[in-house]
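See below for the structure under consideration.
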Amino acid sequence: MSLLSESMENCIMMDKRTSLDEYGGFVTEYVPGAEFQCAIVRDTSINAKVAEKQGVKDVYTITTPKVLKLSFGDVFKRLSDNKTFKVTTNSDDRKTPTSATLDMRQVSAEEYIIPTGGVVDG
């Protein structure tokens, strides 16, 4: 077992669903989707700390197996503490080459709070 696989945590995608509301507008809800595993590490670099002082949310690096493609705007929840994250980059930007023995992709994400009333169970 590698250090990378040992650091993987159980997460669940939060699928975005929109529907019409009673006033002719839209209601956006997030419903639990597919479960997956990823490693989540908070960025503690000097650049991240400077950004936090300027009001940017905490930044995280998310590592997944190459077969799992997270995209900009995807929302997912870590099951151990129900913390929610929103992906801020694309996984095609940082992945290991086909010839590499290490099989991974990385994206950046920030903590995200789903608006009140925006989560539907099941």
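The values are calculated or read from the model by the stated rules, or taken from the named source; none is laboratory data. Predicted model only: the values in this text are computed from it and were never measured. As a convention, Cβ positions derive from the backbone with ideal geometry for all residues, glycine included, and neighbour counts pool all protein chains shown.
Taken together, LYS57, LYS77 contain a single residue that is in contact (Cβ under 8 Å) with a residue 40 or more places away in the chain, in a loop (DSSP other than H, G, I, E, B) and closer than 18 Å to ILE114 by Cβ, which is LYS57.
Would you say TYR60 is surrounded by 10 or more Cβ atoms within 10 Å (Cβ to Cβ) and aromatic (Phe, Trp, Tyr)? The answer is yes for TYR60. For the range 12-49, filtering for residues that are among the polar types (S, T, N, Q) and either more than 28 Å from ARG105 (Cβ to Cβ) or in a strand (DSSP E or B) (or both) leaves 4. Taken over the range 1-57, the criterion of being in contact with a Leu (Cβ under 7 Å, 6 or more places away or on another chain) and either surrounded by 10 or more Cβ atoms within 10 Å (Cβ to Cβ) or of a type in the set (Val, Ile, Thr) (or both) is satisfied by ASN10, CYS11, ILE12, PHE36, ALA39.
Inspection of the range 76-92 identifies no residue that is at positive phi and either modelled with pLDDT under 90 or among the hydrophobic types (A, V, I, L, M, F, W, C) (or both). There is no residue in the range 85-107 that is outside any loop (DSSP other than H, G, I, E, B), touching a Leu at 6+ places or on another chain (Cβ under 8 Å) and either touching a residue at least 60 places away in the same chain (Cβ under 8 Å) or surrounded by fewer than 17 Cβ atoms within 10 Å (Cβ to Cβ) (or both). Mind telling me which of the residues ASP103, ASP121 ends up being over 19 Å from GLU9 (Cβ atoms) and modelled with pLDDT under 85? The match here is ASP121. Looking only at the range 11-62, residues that are under 25 Å from ASP93 (Cβ atoms), of a type outside the set (Gly, Ala, Ser) and under 17 Å from the mean Cα position of the chain (by Cα) come to 22 in all.
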